[in-house]
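Every read-out reported here was derived from the displayed coordinates using simple, explicitly stated rules and does not represent laboratory data. Worth saying up front: this structure is predicted, and the values here are computed from it rather than measured. Reconstructed Cβ throughout: ideal geometry from the backbone, glycine too, with neighbour counts over all protein chains shown.
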Amino acid sequence: MELKRIVEKINPKEIINMKNTEIIGISYNSKTIKSHEIFVCLKGEHVDGHDFAQMAFEKGAAALVCEKPLNIEIPQLIVESTQSAIADLADCFYRSPSKSLNLIGVTGTNGKTSVTHLIQKIMEYNKQKCGIIGTLGYKLHSEGDYFEAKHTTPQAPELQATLDRILQNEIDNVVMEVSSHSLDQHRVKNCAFKGAVFTNLTQDHLDYHITMENYFNSKAKLFEGLADNTFAVINLDDKWGKRFLERTSKKAWVKTYAIKKTADVMAQNVEFKADGAKFTCVTGNKSLDIKLHLNGLFSIYNALAAITTALCMGVDLETIKEALEGTRGVSGRFEIVHANPMVIVDYAHTPDGLDNILRAARELVSDGGELICLFGCGGNRDATKRPKMGKIAQELSDKIIITSDNPRSEDPKQIISDIMAGLEGVNPKSVYVEIDRGDAIKLLKKISKPEDVLVVAGKGHEDYQILKDKTIHFDDREEVVKAFTE
């Protein structure tokens, strides 16, 4: 693409050393930039891309997008915000692929991954192709392999490239997890969303957003930006649901779902058994019994979000029922990896997420059995949720093991101390501490009985652990199988 076309798209406030040249790609990483790519000087939480512009130039950058003039003799497009400009640039470079797709964005603290996978399954049961983008990566169909993604919602160049790849594979529908960071950092700017889905809003990412109000405002951008002939799906039971309704663009039409309140789509007669949850889905004058291979009240809410979205996309309720009843769990989400005792691995890493998982697991504990929870909290993240998670784990479990999650650059002992600040006393027969997560899983086996239900929370699908000076391979599921089969 010629540089002059990019200039027209991002409309810089100043242009320095302008010379039309061919641009073959977009980069914001000076280590991996290729010759004839345009380098965008992104300003992040910890590094400033302007400091690496010289390196990018030396490696062949054809032009720069920056927020201030630099002493480098190549074209420079000066903009107010490089975070915003990179989204414009990416959309231009890949020729706005989202405009040719039915793109559905799912946002919320918990449930995004499960909801996107359920929607994908429903669309495929309806004989429509549907791609998926999210925490686990992206894939073109439900039986395909995941392609790696660095973020829940990729940076704008990777996102637009992925949407373009999906379009080139003749796939019309895409369901995507939309994180608060991506909305705040303009990663999804220019994405033409056909629909937006709200799951729930509870404490998370306050290390970044500082307040829940800021967190909400970031999420609300997805709904404010909806255009004509689009829809919003909102969880009316969530205490933030009404505010999302108020912030939704008047151009969009809205469908609500709930269990406790009156909504467009409701779940009634909810039952939980060891092999899954059952409920009656009621919408308008239609009702249908649905049996899930998933458990917990949160799974009912995830199913309702997917059902409501599919109805908005024209799928009939009978097809939706067939799809949901034929769907198994998502990797690392309430995933049962061992029986007798039952060991459940889950990604729950927020107070609300842990509360949901433990309440669902409690339903599976038989007479004489106990509920045991192993968990930790990530380092360099919102520290205020640590004592809250400790309190929840202690109140809802019979025994707890506190261990490391991804400590990053923080001292694991300090993280554990923060968690323990939320405990009501420390009984050595019910509260255990083991810093090494692998050893903690071995301890889990030692203190459990065959009739117990064990929850290993926090990492779910992740197959790595981030330490102070390195990242190592670590998969809770592998470690559980190893420990319980030795």
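Quick notes on this structure:
- For segment 111-161, the list of trypsin sites (Lys or Arg not before Pro) that fall in a loop by DSSP and count at most 12 other C-beta atoms within 10 angstrom reads 127, 150.
- Residue order for 162, 319, fewest other beta carbons within 10 angstrom first, comes to 319, 162.
- Here is the list for segment 26-75: GluC sites (Glu not before Pro) lying in DSSP coil, each with at most 14 other C-beta atoms within 10 angstrom of its C-beta, are 45, 73.
- Annotation note: GluC sites (Glu not before Pro) in segment 346-429 located in DSSP loop regions with a Cβ neighbour count of at most 16 within 10 Å are 363, 424.
- Seen against the Cα atoms of the chain and their longest principal axis, helix 112-125 is set at about 90 degrees.
- Unpaired cysteine residues in the chain (no second Cys Cβ under 4.7 Å): 92, 130, 191, 281, 312, 373, 377.
- Shape call, segment 335-485: gyration tensor on alpha carbons, a/c limit 1.5: oblate
- Estimated inter-spin distance, residue 148 and residue 268, nm [label 7 Å along Cα→Cβ]: 5.0 nm
- Antiparallel bridge percentage (DSSP; both residues within the chain; nearest 5): 35 percent
- DSSP bridge analysis restricted to segment 97-325 gives an antiparallel fraction near 40%, rounded to the nearest 5.
- Given their separation in residues at 0.36 nm each and the Cα-Cα distance between them, residue 46 and residue 229 gain 61.9 nm when the chain is fully extended.
- The angle between the Cα long axis of helix 476-485 and the main principal axis of the chain comes to about 30°, on a 0 to 90 degree scale.
- The ranking of 346, 405 from fewest to most other beta carbons within 10 Å of each one's beta carbon is 405, 346.
- Residues listed by number, segment 423-457, amide nitrogen under 20 Å from residue 486 label point at 7 Å toward C-beta: 432-450, 454-457
- Whole-angstrom gap from segment 353-428 to segment 108-138, using each part's C-alpha centre: 29 Å
- C-alpha long axis of helix 212-224 to longest principal axis of the chain, angle in °: 60 degrees
- Shape class of segment 3-93 from the Cα gyration tensor (axes a ≥ b ≥ c, square roots of the eigenvalues): rounded, since a/c falls below 1.5.
- Taking each residue as 0.36 nm, the span from residue 424 to residue 318 lengthens on full extension beyond its C-alpha to C-alpha distance by 33.3 nm.
- The fewest-to-most ranking of 47, 188 by surrounding Cβ atoms within 10 Å reads 47, 188.
- Taking 7 Å steps out from each Cα toward its Cβ at residue 336 and residue 289 produces label points 2.1 nm apart.
- Using the Cβ-Cβ distance between residue 20 and residue 275 with R0 set to 60 Å, the FRET efficiency works out to roughly 0.40.
- Contour minus Cα-Cα distance for residue 245 and residue 54 (0.36 nm per residue): 64.1 nm
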